[in-house]
Each structure stands twice: as C-alpha cells, then as structure tokens.
Amino acid sequence: MNATQRSPRSVLLALSFLVVLIAIAGPVHPAGEQDPDKAPRAAPENKGLDLARSAVQTAFARADADGLRPVLSQRVKIYLSSALFGVPEGYYGAGQTLLLFRRLFEKRTTLRFVFLQRSSKASEEGQVTLAALWVYREERTEGVEARLSLTFSPEGPSWRIREIRDLK
C-alpha cells in the first residue's frame, strides 16, 4: 500500500471522527438565524410581570375595574395612597379596591395610560415598582394627568399589585 492509498480501517476511523465532531457542534443555522433552543427567553417572573402590566394597561384603557381582578390579591390587602380614590390612605381588600376602581372609572374617560418605564429591578423583597401616567377626562374638563406608582409582588406564578400611590 502506498502513501496515497488508505486502508478501510483508517477511512472508517476518519468518518467516525467526523460524525462525532458534527454531533458535538450541533445543527448549523443560516446566517442571521438563531437556534430556537438557545434563543433568549423572558424569565418566567418577567413574563408574569408583563402580563400583570398588560392587564393594568388594558383595564385603565377600557375603564374596566373588573379587568384588574387578576392582579389584585385575595390573600394580602393593597395599600392605597392616592387622592384619586377619595378615601383615606390605608390597606384595602381586593373587593374594596375593585369598588373604588369602579367609582374611579365611572366618572372618567381614559385618554391615555402608559407605564413610564418597561421594567424595574426587584427590591430585596422581590417587589417591582413602576411609574405610570394616566391622562383622563372628567365631565367638563380637558385632559387631566395623574402620575401613579404601582408596586407589584410575585404571588405564586403571577404578580399582584401591593401598592398604588400618587407620584408627586
């Protein structure tokens, strides 16, 4: 056998080596595409927080107090400190908070409701506080702006509102 000829055993060994290399490298994706298994995913807690944010935005946009039900805890009272509610600051249950939101939305038309930042870092207690701008109209008034601070806290797989405060 000369130098240009290979034995069947060496060819088999080279092919085996090549198969192992391909298996280790994984599938090749076209330029610009990402392996779906390695694509960045939102952390589950961020997804839950995004769902809670979305529920709040939709409820304000539609003036639908019942739309807030999924983000109000049945276990823990919510701290309210906003002149908008027309009640003393303090802790209110989910049912009381829904009633206050019904009254709040009854006489106001939402022109715009937006969170002023996409997200915020969680505190040591795991809570996230987001600032929001609510522009609404009451009878015989032009647009009124209210700046609110909403604090969310994880409760199981979901996030719930723990506080609503006026921002000054």
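The table below lists the values:
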{"item": "Distance in nm between pseudo-label sites at residue 146 and residue 123 (7 Å out along the Cβ direction from Cα)", "result": "2.2"}
{"item": "Efficiency of FRET between residue 139 and residue 50 - r from beta-carbon atoms, R0 25 angstrom, step 0.05", "result": "0.15"}
{"item": "Inter-label distance, nm, simple model (7 Å from Cα along the C-beta direction), residue 109/residue 64", "result": "1.9"}
{"item": "Built amide H within the under 5 Å cut-off of residue 78, gap 5+", "result": "92, 93"}
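Computed from the coordinates by the stated procedures, all read-outs in this text should not be read as laboratory data. No experiment lies behind these values; they were computed from the predicted model shown. Note that each Cβ is placed from the backbone with ideal geometry, even for glycine, and that neighbours are counted across all protein chains shown.
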